[in-house]
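Chemist: Below is the structure I would like to discuss, written out as structure tokens.
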Amino acid sequence: MEFKLHSEYQPTGDQPQAIEKLVKGFKEGNQCQTLQGVTGSGKTFTMANVIQALNKPTLVFAHTSETRCACFTRYRGRVRSAHINMASLTLPSRK
């Protein structure tokens with residue numbers, strides 16, 4: 001299945017470099033990478049571009065249900081040709 005990004009926006013600022021660096025890292029075998037940024041900096045859009053460039057099934061983790069729902073909604077709207085689902089995982093609390 002092809003991952004095709006649907007957006008009227010193009011990567012700007014430092015997004016092109018971040019996309020290039022993340023894609024290069026994955027292709028070199030670095031499967032665990034972190035993209036950090038402040039709220040509203042375009043992390044979801046950046047990762048959508050990375051997913052499109054790699055064209056591989058992707059698992060996205062979110063630390064809260066709010067973040068998980070926001071990511072699901074954003075990816076669902078931007079990557080329409082892909083099969084996107086949302087799942088919840090509740091871990092037992094530590095004592």
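The values are calculated or read from the model by the stated rules, or taken from the named source; none is laboratory data. Source: prediction; values computed, not measured. Backbone-built Cβ (ideal geometry, glycine too); neighbour counts: all protein chains shown. The area values use the complete protein model at the heavy-atom level, side chains included, leaving out ligands, DNA and RNA. Shrake-Rupley method; radii C 1.70, N 1.55, O 1.52, S 1.80 Å.
Chemist: With θ set to phi - 60° and the Karplus curve 6.51 cos²θ - 1.76 cosθ + 1.60, what are the ³J(HN,Hα) couplings of the stretch 28-44 in order, to the nearest whole Hz, using x for Gly and Pro?
Modeler: 3J(HN,Hα) across the stretch 28-44, in whole Hz: 8, x, 7, 7, 10, 10, 10, 10, 10, x, 6, 4, x, 8, x, 5, 5.
Chemist: Moving to a separate point now. Could you sort the peptides 54-66, 12-24 by per-residue average Cβ neighbour count (10 Å cutoff), highest mean leading?
Modeler: Numbers: 54-66: 10.4, 12-24: 14.6.
Put in order of decreasing packing, that is 12-24, 54-66.
Chemist: What percentage of the solvent-accessible surface of the stretch 1-40, computed with a 1.4 Å probe over protein heavy atoms, is contributed by carbon and sulfur atoms?
Modeler: Numbers: 1670 of 3390 Å².
With neighbouring chains kept in place, the figure for the stretch 1-40 is 49 percent.
Chemist: On full extension of the chain, what length is gained from Phe72 through Val23, given 0.36 nm per residue of separation minus the C-alpha to C-alpha distance?
Modeler: Working: separation 49, 0.36 × 49 = 17.64 nm, distance 2.13 nm.
Fully extending the segment from Phe72 to Val23 adds 15.5 nm.
Chemist: Less than 19 Å apart at the alpha-carbon level, and either on another chain or at least 8 residues along: which aspartates and glutamates does that give for Lys56?
Modeler: Lys56 reaches Glu2, Glu20, Glu28.
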